[in-house]
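Read through the structure below, which is laid out as structure tokens, and then see the notes.
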Amino acid sequence: MADNFNVRLDEVKYYTPDACCKEQSWIGDYNRTYQAFLADPDGFWDGIARELDWFQPWDRVKEWNYPYARWFLNGKLNITHNCLDRHAHSQRRNKVALMWRGEDEGDEQIYTYRQLHQAVCRFANGLKRLGVGKGDRVCIYMPVVPEQVIAMLACARIGAIHSVVFGGFGVNALNQRIRGIEAKVVITADVTYRRGKAIPLKNIVEEAVVSAPSVERIVILRRDTDKPVELHPEMEVDYYDLTEGVDRECPAEPMDAEDPLFILYTSGTTGSPKGIVHTCGGYTVGTYYTTKYVFDVKDSDVYWCTADPGWITGHSYGVYGPLLNGATCLIAEATPDYPDPGTWWNLIEEYGVTIFYTAPTAIRMFMRVGEEWPNRCNLSSLRVLGSVGEPLNPEAFEWYYRTIGKDRCPIVDTWWQTETGMHMLTTMIGEPMRPGFVGKPIPGVVADVVDMEGNSCPPGTGGLLVVKEPWPSMMRTVWNDDERYRKYWNTIPGCYTAADLAVKDKDGYIMVIGRSDDLIVVAGHNIGTAEVESALVSHEAVAEAAVIGKPDAMKGNVIKAFVILKDGRQPGDKLKNDLVYHVRMTLGPIAIPSEIEFVQSLPKTRSGKIMRRVLKAQELGMDPGDISTLEE
Ligand code: WTA
């Protein structure tokens, strides 16, 4: 695997950033800070938590009752007080908090901290009008607009648990998630704009709530003011009508540190997606700390994370982490190559972005279209570059470093997951960077590469990436399915298993190679094989289906499907198109197979489980490994 990745473990190639990066950074000396953490882990987190405002201090930093952790016991806080009031009632009140940019140049909205505070309070009061209160679940299915961020913060303000569903998901995926959390309210918009087209969202929601009896109200942001969509008054209410005449103040609900803050679904390896549960205290501390120390956010920074808030990256580093730090954040409803591949670079120049966080898949796309696009722009405002979601291969690292960072900016390749809530591994600013390697555990995290028994793997030997001690922003459970939570901690004794394969070098730098399970990471998004297979099988022509991830130069992986048709159904290009369309409509455009092959049979174990690794080995012309359990 490491060979495929084009890195020789014994060939040491480091990039060393300018010494001033380190001297001026919050982290200072990584090794010293890491040792200080190891010497007193609870003291380390206690010190960070004290930088935030609490309504009531905690009695104890943590309680570890394997595999259940509680952090900041009996502490009371509200994340939005820390994201908003703390700044809106200080010198930062007129500082820009949020800048939104739509596809068209004139499409812009800017909120100062004071204005954002007010907008959140008003919408929170609107939600209260609908009877939403502490502990109620609210589903947010919206495009990237300020109202999406405001909706998240408004829920958190009153203690309602939000669950954001990425706007690219289709009817079934949305329905499953709404039912999973028994949402009381769904917040959506009439349309999302993509590549100059208005894509309707409201009708997807209408279909998705049909068999979701928990839903009492749908709140709709009507963006198309020329032709406002009609609302069905028994169920639907306009986003801004809801805040008509409400109070500008809404006190932040004092939340217990362990109260749930949000649920975010991530693909499961079997069956349904998992609702990952994050809590108020630990998540606030973890995202505040990592945004500050990993990205080195300072008051003068202009920060842009390109992820949609529908993913964990958008939650932690598009919304909560940067606002906790009082940063000026850019969000954009902008496709990287529309109307041309200069769009993002223009935005960086125009807004003077200093910290830029994106995914390898985007970097590889930009590499392909050529450096003339970024070279047309003045990117000298940039100071820190980040990467997340999948391995940043050395070629992409070097291109990013040279062409975008002009050999000046440190790159933080951050490894983490929906489940971890915050960054876990990276190369902290000022440390030598090794292309292809994410780096080391950040101070606060104890991680390693181990074998199935939990023994540390020697340098150069691949194993599983694990975390060995609890951390504040770890998920607390899987919503309504604690068994699935325990599995994370029961696979390897004493460890949280991330299900990623990795290898360490002699200096302790870790390279993440890919998933060890049935998840496919396509363009940085996790897709469960089971979800795509069940979408395919729900088509009337399909008897059975298996999908695999196939390496792709641009997207990291693409989905290939093997399909057995029902008797009497004729394979052909028309049917392939139908199947792609069917998956697009049920699961959404992010999950469509790039390739479909009709087959007569699928490799299975004697107990009937599809052996996807055999299919994959066949596809890639590799050795399938142990096939002793393969059925005749
Ligand atoms: C992968 C995204 C290599 C990994 C924050 C992980 C990465 C999964 C990196 C989690 C990285 C994330 N290098 N692989 N820097 N970051 N991954 O839950 O396989 O959407 O397990 O969270 O993405 O994806 P998730």
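Coordinate-derived values only; no laboratory data. What you see is a predicted model; the values in this text were computed from it and never measured. As a convention, Cβ positions derive from the backbone with ideal geometry for all residues, glycine included, and neighbour counts pool all protein chains shown.
What is segment 74-214 by shape, rounded, prolate or oblate, if you read a ≥ b ≥ c off the alpha carbon gyration tensor as root eigenvalues and call it rounded for a/c under 1.5, prolate for a/b larger than b/c, and oblate otherwise? Kindly include the intermediate steps, with their values, before the conclusion.
Numbers: a/c = 2.64, a/b = 1.22, b/c = 2.17.
In terms of gyration-tensor shape, oblate.
Which three semi-axes in whole Å describe the equivalent ellipsoid of segment 307-372, each the square root of 5 times a Cα gyration tensor eigenvalue, listed largest first?
Numbers: eigenvalues 102, 38, 20 Å².
For segment 307-372, the semi-axes come out at 23, 14, 10 Å.
Computed over the Cα atoms of segment 519-620, what is the convex hull's projected area averaged over all directions, in nm²? Walk me through the numbers on the way to the answer.
Working: hull surface 25.7 nm².
The number I arrive at for segment 519-620 is 6.4 nm².
Once each part is reduced to its C-alpha centroid, what is the distance from segment 177-198 to segment 302-336 in angstrom?
Going from one Cα centre to the other spans 19 Å.
What FRET efficiency comes out for the pair Glu249/Lys609, r = Cβ-Cβ distance, R0 = 51 Å, nearest 0.05?
Numbers: r = 57 Å, r/R0 = 1.11.
The value I calculate is 0.35.
I need the P(r) histogram for segment 132-275: all alpha carbon pairs, bin width 5 Å from 0 out to the longest distance, whole percents.
P(r) for segment 132-275, in whole percents per bin: 2, 9, 19, 23, 21, 14, 8, 3, 1, 0.
In what sequence, highest mean first, do 209-215, 146-152 appear when ranked by Cβ atoms within 10 angstrom? If you can, show how the numbers build up before the last one.
Details: 209-215: 15.0, 146-152: 25.1.
Going by the mean number of other Cβ atoms within 10 Å, highest first, we get 146-152, 209-215.
Looking at segment 471-554, which GluC sites (Glu not before Pro) are DSSP coil and have at most 14 other C-beta atoms within 10 Å of their C-beta? Walk me through the intermediate numbers first.
Details: sites: Glu483, Glu531, Glu533, Glu540, Glu544; in loops: Glu540.
Here the GluC sites (Glu not before Pro) that fit, given the DSSP loop and packing criteria, are Glu540.
Return the unpartnered cysteines for the chain, using a Cβ-Cβ cut-off of under 4.7 Å.
Cys20, Cys21, Cys83, Cys139, Cys155, Cys280, Cys305, Cys329, Cys377, Cys409, Cys457, Cys495
Sticking with the crude label model, points 7 Å out along Cα→Cβ, report the distance from Asp567 to Ile199 in nm, one decimal please.
That separation, rounded to one decimal, is 4.0 nm.
Note the per residue figure in Å³ for the convex hull of the C-alpha positions in segment 274-323.
Roughly 77 Å³ of hull volume per residue.
Could you size up the charge dipole of segment 120-241 around its Cα centre, putting +1 on the beta carbon of Lys and Arg and -1 on that of Asp and Glu, and report it in debye to the nearest 20?
Numbers: 17 positive and 14 negative charges, 95 e Å.
With Lys and Arg at +1 and Asp and Glu at -1, about 460 debye.
Determine, at each q value in 0.21 (inverse angstroms), the log₁₀ of I(q)/I(0) that the Debye formula gives when each Cα of segment 85-139 is one equal point scatterer.
So the normalised log intensities work out to -0.85.
Given all pairs of different Cα atoms, what value in angstroms does the Kirkwood hydrodynamic radius of segment 1-146 take? Could the numbers behind the result be given before it?
Working: mean 1/r = 0.0486 Å⁻¹.
Result for segment 1-146, one decimal place: 20.6 Å.
Based solely on its DSSP helices, what 222 nm [θ] is calculated for the chain when runs of n ≥ 4 H residues each add -39,500 (n - 2.57) and the sum is averaged over all residues, nearest 500 deg cm²/dmol? Spell out each step's value before the answer.
Details: 17 runs with 162 residues, N = 632.
Value at 222 nm, helices only: -7500 deg cm²/dmol.
At q = 0.17 Å⁻¹, work out log10 I(q)/I(0) for segment 485-538 with the Debye formula, treating every Cα as an identical point scatterer and leaving solvent out; two decimals please.
Values returned for q = 0.17 Å⁻¹ are -0.73.
So for segment 310-464, Kirkwood radius off the Cα pairs, Stokes-Einstein at 4 °C and 1.567 mPa s: how many µm² s⁻¹? Mind dumping the intermediate values first?
Numbers: Rh = 16.8 Å.
Roughly 77 µm²/s, to the nearest whole number.
When the distances between all Cα atoms of segment 256-302 are binned every 10 Å from zero, what whole-number percent does each bin get?
The distribution over segment 256-302 is 23, 32, 32, 12, 2, given as percents.
Work out the charge dipole of the chain with +1 on the Cβ of Lys and Arg and -1 on the Cβ of Asp and Glu about the Cα centre, then indicate which of Leu579, Ile590, Cys250 is farthest towards its positive end.
Cys250
Rule-of-thumb check for segment 405-452: C-alpha Rg over 2.2 N^0.38 Å? Display every interim value, and only then the final one.
Numbers: Rg = 12.1 Å, N = 48, 2.2 N^0.38 = 9.6 Å.
Rg over 2.2 N^0.38 Å, computed on Cα atoms: 1.26.
With labels modelled as points extended 7 Å from the Cα through the Cβ direction, what inter-label distance (nm, one decimal) is found for Asp29 paired with Arg402?
3.4
Provide the three semi-axes, in whole Å and in decreasing order, of the ellipsoid equivalent to the chain as defined by the square roots of 5 times the Cα gyration tensor eigenvalues.
The answer is 34, 32, 25 Å, longest axis first.
Beyond 17 Å, what share of the Cα-Cα pairs of segment 395-498 remains, rounded to the nearest whole percent? Could the numbers behind the result be given before it?
On the way: 3205 of 5356 pairs.
Distances greater than 17 Å cover 60 percent of the Cα pairs.
Per residue and in Å³, how big is the convex hull formed by the alpha-carbon atoms of segment 192-276? Walk me through the numbers before you get to the answer.
Working: hull volume 17.3 nm³, N = 85.
In segment 192-276, the Cα hull volume divided by residue count equals 203 Å³.
Roughly how big is segment 519-620's charge dipole about its Cα centre, with Cβ charges of +1 (Lys, Arg) and -1 (Asp, Glu), in debye to the nearest 20?
Values: 14 positive and 11 negative charges, 64 e Å.
I would put it at about 300 debye.
Order the peptides 247-257, 67-77 from the highest to the lowest mean number of other Cβ atoms within 10 Å of their residues.
Highest mean packing first, the order is 67-77, 247-257.
Under the Kirkwood approximation applied to all pairs of distinct alpha-carbon atoms, what is the hydrodynamic radius of segment 442-498 in Å?
Computed over Cα pairs of segment 442-498, the Kirkwood hydrodynamic radius comes out at 12.1 Å.
Grab the eigenvalues of the alpha-carbon gyration tensor for segment 291-401, scale each by 5, take roots, and send me the semi-axes largest first in whole angstrom. Write out the running numbers ahead of the final one.
Working: eigenvalues 91, 48, 37 Å².
Semi-axis lengths for segment 291-401 are 21, 15, 14 Å.
Just grab the label-to-label distance for Ser90 and Asp104, each label 7 Å out from Cα along the Cβ direction, in nm (one decimal).
3.9
Roughly how many debye, to the nearest 20, is the charge dipole of the chain about its Cα centre, given +1 on each Lys and Arg Cβ, -1 on each Asp and Glu Cβ, and no other charges?
Values: 67 positive and 85 negative charges, 86 e Å.
Value, rounded to 20: 420 debye.
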